[in-house]
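Single-structure report; data block below.
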Amino acid sequence: MSAYGTLLKTLINFSGSKLSTVAEEVGYDVSYISKWCNKAKLPASKMAPNINRTLANHFSHEILKHEDLSTFSKTFDLEATPENLNSIIYNLLKENYKESSRAIANEVNNAEAYKTKVLSLANEVYEFFNHELPTTLLSYNEPLEVLCTLDICRFININNVDLPIYPTPDYEINVKIGLNSKKLFSDSSYYLKQLYYFINSHSYLAFDFYDDTLMDSLNTIIVKDHMAILCGLDQYNRIITATVITDPEKVNQIYIRTLPSFRTTDLLLHSTESEEFYQNGYRTEFYSRDNFQIFLTRGFEYLLPVECWESITRTARERDNDEFMAHLVAQLQITWEEIFEKNSMDFFVLKSSLMKYMEDGEIIFADVVYNMTAEERKLHIQKVLEITKKNPNIHFYVIDDEYLPNVQHLLHTSIFNNRKKLFLKNPDRYHTEIGPHFYAVLSDQLIKEVSDFFDTLKSHPYCFSYDAEGIQKFTEKYGSLVYRMIDLSAFKINK
């Protein structure tokens, strides 16, 4: 109902008039008067002045006839007299008509601005998902919540829609997305890698992956408060049509109806920040087990020499002003000394990241970004040799990523697994301040598949195994060269 309609209905009731009487006065059918009162319809603009004058004459006459002038003044909080009553009612009708006209004009403009768009041509669909959508997401310039019911396995495999967002946003974008666990586990060696690459290529986005049991046929992408995209798929699960809705009211209606499909009980893998990750002692509990598989993509923060611990603790406390992290570093020092004495640990390390570590000494220890000095790096090598001699259950697997040219740029998220708990660490988060710190894996089946994947990885031709004896031989043969690389990098930095 418009402001004009509300006023007209009030005046009709106040004056005791019938709709038929009012209709007869203005010369319109009763249905018109009813629409003006109840359905936000308005008289035509060129006829409005005459209609309002006629209505003012009628209502003022009826109010004076029934001696309701004082009640009218109190109701409308006005000083009405027999002489000015007609003018007051006319001005009320006139101003409310203007207000309602502006409101209706705004609704029309909004309807035009929020006009639904249907994409039916292949080039339209491609252009929208690969260019228009990323640009639009950036234009919102605020934290966003996205629901995507499309199964990520078929999405990245068949549609190959990468959604590149450049430049990287400076606000949080959380994406809840479906994952078909049956498809994932039916060919885990393939889909696990694709899922890992997808997370890496979107390290600035925070994903929560849900089993898609309740959403496998919804085919909807929703940006809360902003946009809903209804996708039509062909028999090969390719997006062939897309209906884009931008009316916020309709978007949020779709959001509300879609959100229940993302049940907490179906959560398989979710992004998390440091505070949430540490508050329940997740890291301490993680290291209370045995049989570790650890894939490192940025430096090597394990088996550190005792000379480094105090420096890392001091860096956390003084540079980062993080007393909690300083305490955690000290706690891990004690925990790790016990672990490395006898526990079984498989370290998987990229050849390129080892070379980079020799050059710049960067490690990310817990949440502390720390650059080992040249001397600390040399002591680190000696410490590795010392510990592996004492514990034959520690093995190293160096992955020569030169054998993986097409995905080298997608190998930067580290993986920490003890076959019961598994989490991922996003190194980019510590340099860009965008994206999640960690991903926690909640699915036991997913943890098992990842464990099996790393066990199988050992037999690949680009994965080279080193036990304590192998490390010793490598050091005897190439140790002097490695030390010269470290000294040369230190010289370049100092220069």
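The values are calculated or read from the model by the stated rules, or taken from the named source; none is laboratory data. Nothing here was measured: the structure is a model prediction, and the numbers come from that model. Ideal geometry is used to build each Cβ from the backbone, glycine not excepted, and the neighbour counts take in all protein chains shown. Accessible surface areas use protein heavy atoms only, side chains included; no ligands, DNA or RNA. Shrake-Rupley method; radii C 1.70, N 1.55, O 1.52, S 1.80 Å.
The slack between Lys117 and Ser45, meaning 0.36 nm per residue of separation minus the straight C-alpha distance, is 22.7 nm. Here the sum of -39500 (n - 2.57) over DSSP H runs of 4 or more residues, divided by the residues of the chain, equals -15000 deg cm²/dmol at 222 nm, to the nearest 500. Full extension of the chain between Ala330 and Ser101 yields a length gain of 75.5 nm, computed as 0.36 nm times the residue separation minus the alpha carbon distance. Amide hydrogen proximity for Leu350: with H placed 1.01 Å from N in the peptide plane, the residues at 5 or more positions away or on another chain lying under 5 Å are Leu296, Ile399. Full extension of the chain between Arg238 and Ser87 gives 47.7 nm of extra length, using 0.36 nm per residue less the Cα-Cα distance. Between the Cα long axis of helix 351-360 and the first principal axis of the chain there is an angle of about 90°, rounded to the nearest 10. Taking amide H positions as placed in the peptide plane 1.01 Å from N, state which residues far from Leu442 in sequence (5 or more) or on other chains have amide H under 5 Å from it. Amide H neighbours of Leu442, under 5 Å, 5+ apart: Leu269, His270. Axis of helix 323-342 versus longest Cα principal axis of the chain: the two differ by about 40°, to the nearest ten degrees. Between Gln293, Pro392, Cys308, the Cα set farthest toward the positive side of the dipole of the stretch 285-393 (charges on each charged residue's Cβ, about the Cα centre) is that of Pro392.
Taking the longest Cα principal axis of the chain as reference, the axis of helix 85-113 is set at about 30 degrees.
Bridging of Lys342 to aspartates and glutamates at a Cα separation below 16 Å is possible for Asp290, Glu386, Asp467, once same-chain residues fewer than 8 apart are set aside. For the residue pairs Lys389/Lys458; Lys193/Lys356; Lys356/Lys390; Lys182/Lys390; Lys183/Lys389, the alpha carbons lie more than 32 Å apart in Lys182/Lys390; Lys183/Lys389. For the chain, a crude dipole built from +1 on the beta carbon of Lys and Arg and -1 on the beta carbon of Asp and Glu, taken about the Cα centre, is about 780 debye to the nearest 20.
Using only the Cα atoms of the chain, build the gyration tensor, take square roots of its eigenvalues as a ≥ b ≥ c, and label the shape rounded, prolate or oblate: rounded if a/c is under 1.5, else prolate if a/b is larger than b/c, else oblate. Taking the square roots of the gyration eigenvalues as a ≥ b ≥ c, the chain is prolate.
Taken per residue, the accessible surface of the chain reaches 50 Å², heavy atoms only and a 1.4 Å probe. Split the accessible area of the chain by element, probe 1.4 Å, and carbon with sulfur accounts for 51%.
FRET efficiency for the Gln382 to Asp290 pair, using the beta carbon distance and R₀ = 35 Å, is estimated at 0.85.
Each of the peptides 49-60, 64-75 was scored by the mean count of other Cβ atoms within 10 Å over its residues; in descending order, highest first, they stand as 49-60, 64-75. Packing, taken as the mean count of other beta carbons within 10 Å per residue, orders the peptides 203-210, 95-102, 79-86 from highest to lowest as 203-210, 95-102, 79-86.
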